[in-house]
Amino acid sequence: HNTMDVEYFGPNPQMQIWYLGALRAGEEMAAYLNDQAFARKCRSLFEKGSSWTDEHLFNGEYYVHQIQTPESRDDIAEGLMRGNKGQDLQNQDYQLSKGCLVDQLVGQYMAHVVGLGYLVDKDHVKTTLQSILKYNKRETMFEHFNNMRSYAMGDEKALLMASWPKGGRPKKPFPYWSEVMTGFEYTAAIGMLYEGMEKGGLETISNIRARYDGRKRSPFDEAECGHHYARAMASWAAILAESGFLYSGVDQSMQFTDAPGEYFWSNGQAWGICAINKEDDAYQVDLQVLYGSVELTEFRLEAHETMVFENPRLINEGENLEFEYTR
């Protein structure tokens, strides 16, 4: 069962990649608690599942749904697939099948947010996001058929929930296939930002905000199933993607992008600004705490080695930590 309010039968990217992320998170938590047996089990399942997903669900452009009903799985196991039963599977009601789903990489997006790395092939991730932009984007909604709720219309730009560029759309797809919902769009857009597709990611976010500009719709209420729907809060991750911010309370470490600029950060107990300036190969870092306090043992700029402080640095509210960071 999933957020489309139906059951997807068989392996599909939305739930599969969520699961791979759960395995990686389980591995990290088990390692921290020194449960090495469970950590190894999670790692083994993750590696096998990741490889299987790329081999069996990636079609060269994006990840697809392999429909297997409970009955068909039994038949497959016994080698009893006969006649046109395989075709019948593709016509199961309320499935994704061969569609290009807007948030098929939701698990990967979340893995980037929490620093778990890639769950499936890195190149496949970027290719998939390029395909979502290519196949699901609509420059206008004038000629678009939508049998459900309309959250975009007229000359507005949006990413559709799903498309079937290679055919194979079920007679009755999952209910919201022709809709537009911002929480799902943000998932794709922020995934693009993490993959360096800044133009596509920021355009997608800009298109959302143009629809909720205060004149056509409330700028404080990106409606989906209901008003003030929580999924739109995924937009916050755009700040994380653009700043490269990661914080670990376990390691007492903090990370940012190595692009010079000033970046807002927050870790649940404190927040502030990190100013990064570059001169030759050296970076000048000014980490300010504007609320709360934070203790740091490690600091890292993306693509560079981690700086380990000789002694943990405690920065209280109103204080800052300045230091030079070299490669």
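Among the residues of the stretch 171-185, is any in a loop (DSSP other than H, G, I, E, B), loosely packed, with under 15 Cβ neighbours inside 10 Å and touching a Lys or Arg at 6+ places or on another chain (Cβ under 9 Å)?
No: zero hits.
Check N91, N34, N59 and return the single one that is open to solvent by 30 Å² or more (accessible area, probe 1.4 Å), closer than 30 Å to K137 by Cβ and at pLDDT 95 or above.
The unique qualifying residue is N59.
Tell me whether the stretch 78-86 contains one or more residues that are modelled with pLDDT under 95, hydrophobic (A, V, I, L, M, F, W, C) and surrounded by fewer than 16 Cβ atoms within 10 Å (Cβ to Cβ).
yes
Looking at A282, A234, A275, A241 in this structure, which one is among the hydrophobic types (A, V, I, L, M, F, W, C), in contact with a Ser or Thr (Cβ under 7 Å, 6 or more places away or on another chain), at pLDDT 95 or above and open to solvent by less than 50 Å² (accessible area, probe 1.4 Å)?
Among A282, A234, A275, A241, only A234 is among the hydrophobic types (A, V, I, L, M, F, W, C), in contact with a Ser or Thr (Cβ under 7 Å, 6 or more places away or on another chain), at pLDDT 95 or above and open to solvent by less than 50 Å² (accessible area, probe 1.4 Å).
Out of everything in the stretch 195-244 that is in a loop (DSSP other than H, G, I, E, B) and aromatic (F, W, Y), what residue ends up being nearest to M110 (Cα to Cα)?
Looking at the filtered set, the residue picked out is Y229.
Restricted to the stretch 115-137, and to residues that are in a loop (DSSP other than H, G, I, E, B) and in contact (Cβ under 8 Å) with a residue 40 or more places away in the chain, which residue is surrounded by the fewest Cβ atoms within 10 Å (Cβ to Cβ)?
G117
For G154, indicate whether it is over 21 Å from A234 (Cβ atoms), modelled with pLDDT of 95 or more, in a loop (DSSP other than H, G, I, E, B) and not charged (D, E, K, R).
Yes, satisfied.
Mind checking which residues of the stretch 178-216 are touching a helix residue (DSSP H, G or I) at 6+ places or on another chain (Cβ under 6 Å) and over 25 Å from H124 (Cβ atoms)?
Scanning the stretch 178-216 gives T182, I208.
Among (1) over 20 Å from K126 (Cβ atoms); (2) crowded, with 23+ Cβ neighbours inside 10 Å; (3) among the small types (G, A, S), there is one condition G167 misses while meeting the rest; what is its number?
Evaluating G167 over (1) over 20 Å from K126 (Cβ atoms); (2) crowded, with 23+ Cβ neighbours inside 10 Å; (3) among the small types (G, A, S) leaves (2) as the failure.
Given the criterion among the charged types (D, E, K, R), in a loop (DSSP other than H, G, I, E, B) and open to solvent by 80 Å² or more (accessible area, probe 1.4 Å), identify the matching residue among E317, E262.
Being among the charged types (D, E, K, R), in a loop (DSSP other than H, G, I, E, B) and open to solvent by 80 Å² or more (accessible area, probe 1.4 Å) holds for just one of E317, E262, which is E317.
Out of V120, V125, V180, report the one residue that is within 26 Å of H228 (Cα to Cα) and either at pLDDT 95 or above or under 18 Å from the mean Cα position of the chain (by Cα) (or both).
Residue meeting the stated conditions: V180.
When the residues of the stretch 1-31 are narrowed to those that are outside any helix (DSSP H, G or I) and either over 24 Å from W177 (Cβ atoms) or hydroxyl-bearing (S, T, Y) (or both), which ends up most open to solvent (accessible area, probe 1.4 Å)?
Ranking the qualifying residues of the stretch 1-31, first place goes to T3.
The values are calculated or read from the model by the stated rules, or taken from the named source; none is laboratory data. Since this is a predicted model, take the numbers as computed values, not measurements. Neighbour counts run over all protein chains shown; Cβ positions are idealised from the backbone, glycine included. Ligands, DNA and RNA are excluded from the accessible area calculation, which covers all protein heavy atoms including side chains. Shrake-Rupley method; radii C 1.70, N 1.55, O 1.52, S 1.80 Å.
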